[in-house]
1. Tell me what the chain gives for mean residue ellipticity at 222 nm when only DSSP H runs of n ≥ 4 count, each as -39,500 (n - 2.57), the sum divided by the residue total, rounded to 500 deg cm²/dmol.
2. Only Cα pairs within less than 10 Å get springs; with that Gaussian network setup on the chain, which residue of 200, 188, 55 has the largest fluctuation?
3. What would the Debye formula give as log10 I(q)/I(0) at q = 0.25 Å⁻¹ for the alpha-carbon point model of the stretch 186-275, no solvent?
4. Which angle between 0 and 90 degrees, to the nearest 10, do you get for helix 259-270 versus the longest principal axis of the chain when only C-alpha atoms count?
5. Under a 10 Å cutoff between Cα atoms, tell me which one of 18, 79, 287 has the largest fluctuation in the Gaussian network model of the chain.
6. Provide 307, 60, 27, 66 in ascending order of the number of other Cβ atoms located within 10 Å of each residue's Cβ, fewest first.
7. Rounded to the nearest 5, what % of DSSP beta bridges with both residues in the stretch 206-304 are antiparallel?
8. Kindly work out what percent of the DSSP beta bridges joining two residues of the chain are antiparallel, to the nearest 5.
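Every number here is computed from the coordinates shown, using simple stated rules; none is lab data. Since we're looking at a predicted model, the values are computed, not measured. Quick reminder, even Gly has a Cβ in these numbers, built from the backbone with ideal geometry, and neighbours come from all protein chains shown.
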Ligand code: PLP
Ligand code: COI
């Protein structure tokens, strides 16, 4: 794919953030973005151009029926000057799975990866270097046909924006408090919970907002049918540690198959831990916390990395895990994953892709 590059003069560049250690998640964006347009059954006009607003018809499909998908991955600065992407092939694959589910056009995986790579390299002056910081990359596809009938759009924009980020949760690598939601649900089997589409997040807002007002970081969702089985967190998959065993909800069709989740499962096996993917009821979790068989819990996600979970609030009661401290298994998995992502340790899995130098 040939990507046109808009050169920006020194004076046209945005001022860079001043302090890397103050970066939060997703609030500032780099100078340029990637865009590509779909019409007449073809992708065309791929370019890296100045970050700017879109001019869209108010009747565009995306505004009314949420025909939208997105991805999230990161570029990391290794201490030796390499710029690394973590498993971009997996994001490209999931993007296309999401596209198929929402009846949107797919994009050759290598084109998605090329667009990400060229954009990151064009914007590398924004790459923060401190531990815990990275460039968060957000590939997105929106339906732009101007038409109010409910049918798949015939026109789309695929674009990629980049945000220099620090930790997703305000507290950094500290145990978070989760609210177990037993009224609202995020998704159901047969729905779109297993793909990355904006509607899932819209559906989650009310519960998430209420939980935040009560002082919780996020919601832990239960299954849509019985409110019995643990599914996932707002922006993370969930893991429970039983001594040397890691248990995570199996992918039933309503959970997002996280790339970090898959990586944690592989890492755990590599480190000699036992792993299980199965149904886990909230009753089992509460019982396990009370009896001490659940020794740790954490969530996994691109933005959140590995986030220890210190407590669950369920039916008007708090349940504390590992005295709200980071446990040894969580710490070990976090260290290993982060060391691989930042190129500090050899990557035995071939996950990390060097795309250039800063
Ligand atoms: N579950 C949800 C709902 C998410 O939004 C995310 C974030 O991407 C994840 C899980 C974790 O997925 P991944 O590890 O691919 O980032
Ligand atoms: C990610 O981790 O990439 C996500 O998409 C989470 C996001 C909803 C903040």
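1. -7500 deg cm²/dmol
2. Highest fluctuation among the options: 55.
3. The Debye formula, applied to the Cα set alone, gives -1.27.
4. With rounding to tens, the tilt is 50 degrees.
5. So, out of 18, 79, 287, the one fluctuating most is 18.
6. 27, 66, 60, 307
7. 70
8. Given both bridge residues lie in the chain, the antiparallel proportion sits at roughly 80 percent.
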